[in-house]
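Just below is one structure, and these are the notes that go with it.
The values are calculated or read from the model by the stated rules, or taken from the named source; none is laboratory data. It should be emphasised that the depicted structure is a prediction, and the values quoted were computed from it without experimental measurement. In this analysis, Cβ positions are derived from the backbone assuming ideal geometry, glycine residues included, and neighbour counts consider all displayed protein chains. Note: areas computed on protein heavy atoms with side chains; ligands, DNA, RNA excluded. Shrake-Rupley method; radii C 1.70, N 1.55, O 1.52, S 1.80 Å.
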Amino acid sequence: MPNKSKILVIYTGGTIGMMMNPETNALEPFHFEDIYTQLPMLRLIDAEISFIEMLPLIDSSDTNPEFWVLLATLIYENYKNYDGFVVLHGTDTMAYTASALCFLLENLSKPVILTGSQLPLGVIRTDGRENILNSIEIAAAKKTDKPRVPEVCIYFEQSLFRGNRVYKDNAEHFNAFHSANYPKLAEVGVHIKYNDAFIRSTTDHLLKLHTQLDENIAIIKLYPGINKQAMQAVFVTEGLRAVVLETFGSGNAPSKPEFISILEEAVNKGIVVVNVTQCKGGGTVEIGRYGTSMLLKKIGVVSGHDITTEAAVAKLMYLLGEGLSNEELKHYMGVSLRGEITV
Ligand code: ASP
């Protein structure tokens, strides 16, 4: 008989862990000693499950790089003792946290599944029940004694996604997450159907924890008529090392000389500017498809390919934290380090 998988569930906060306090009628975080009362069917899962709370519990809007490092460290410290990890997290910034964990945990060979819910666990119609149960089941799944999905993922409403490919695009629907540029890793119906061809393989290299994230970055989202002074104000930010430039379509931007010269000045000053499209679907930056993107290339803006803004933020913070030179940074933005881009 194969050993039961051991799963560590880490509760960080967010809607999923809320219960209605019958006295005050207000939603309050509940403590996980009560989890088996809430989810008695947890006992039926063929895995040994442990729970741990990361205190203080937070609304995920309060997530930050320091929190990502703490979470990655917690996983790293428990890595040998468990077969998989489930992180219960608020949905609002879950895609950023998943992306950050992908970079902080190099050579990951066990599942780290983030999940949450749109309705609290203590509400009758909650989506949290299904999300937790399936996440644990997926984290515990093995094929020829190896973890089925040895990567950082987000599980939400019957779908398993690569963590650095996903974005939240709905605050109301239960299927709140999508991944337009990379297929789902699994779909859950009567059976769990794994999309093996798109799942990363395990590695024999030891897990390496990275703990340095450099926050000296910014995002500029283009819009027609973008204010020059506002853009310049971003580029004069002290210590700024890199900017995610959210462009139009396949990576296009206004061709007006005064717009281009602001970017050129920034690039010449040593700020790395990464071209990431605002388009979710089919969204890869194709430099040179239109003349307007060619101009960006000419002045030294680098292509983000089909990376999400969330993953671009995490990747830049990670690469800068590694102390890379600008040239190295530009090079690695074009390399798929954790399956975050299609190249
Ligand atoms: N504001 C909550 C959070 O992100 C929403 C949620 O959990 O879905 O923590």
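Tabulated values for the structure
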{"quantity": "Positive minus negative residues near Asn81 (Lys, Arg vs Asp, Glu; Cβ under 15 Å)", "calculated": "+1"}
{"quantity": "Segments 163-170, 324-331, 82-89 sorted - mean Cβ within 10 Å per residue, highest first", "calculated": "82-89, 163-170, 324-331"}
{"quantity": "Cβ-based net charge around Glu172, under 15 Å, with every Lys or Arg adding one and every Asp or Glu removing one", "calculated": "-2"}
{"quantity": "For the stretch 208-236 versus the stretch 11-73, the gap between their alpha-carbon centres in whole angstrom", "calculated": "33 Å"}
{"quantity": "Accessible surface of the chain, 1.4 Å probe, proportion on carbon and sulfur as whole %", "calculated": "50 percent"}
{"quantity": "Sorted peptide list for 97-105, 235-243, criterion being average Cβ within 10 angstrom, highest first", "calculated": "97-105, 235-243"}
{"quantity": "Global geometry of the stretch 10-55, whether rounded, prolate or oblate, following the gyration tensor of its Cα atoms and the 1.5 cut on a/c", "calculated": "oblate"}
{"quantity": "Under Karplus coefficients 6.51, -1.76 and 1.60, residue-wise ³J(HN,Hα) of the stretch 259-268 in Hz, glycine/proline x", "calculated": "6, 4, 5, 5, 5, 4, 4, 4, 4, 5"}
{"quantity": "Å² per residue, accessible surface of the chain at 1.4 Å", "calculated": "46 Å²"}
{"quantity": "For Val86, residues with placed amide H under 5 Å, excluding near neighbours", "calculated": "Leu8, Val9, Ile10, Ile113"}
{"quantity": "Prolate/oblate/rounded label for the stretch 277-343 (Cα gyration tensor, a/c 1.5)", "calculated": "oblate"}
{"quantity": "Distance between the stretch 252-287 and the stretch 113-164 - C-alpha centres, whole angstrom", "calculated": "36 Å"}
{"quantity": "Alpha carbon convex hull of the chain, volume per residue in cubic angstrom", "calculated": "149 Å³"}
{"quantity": "J(HN,Hα) series, the stretch 170-176, from Karplus relation 6.51 cos²θ - 1.76 cosθ + 1.60, nearest Hz, glycine and proline x", "calculated": "8, 9, 10, 6, 5, 8, 8"}
{"quantity": "Positive dipole terminus of the chain, leading residue within Asn64, Thr309, Tyr96 (C-beta point charges)", "calculated": "Thr309"}
{"quantity": "Projected-area average for the stretch 85-145 over all orientations - Cα convex hull basis, square nanometres", "calculated": "4.7 nm²"}
{"quantity": "Overall form of the stretch 120-227 per C-alpha gyration tensor (a/c, 1.5; a/b vs b/c)", "calculated": "oblate"}
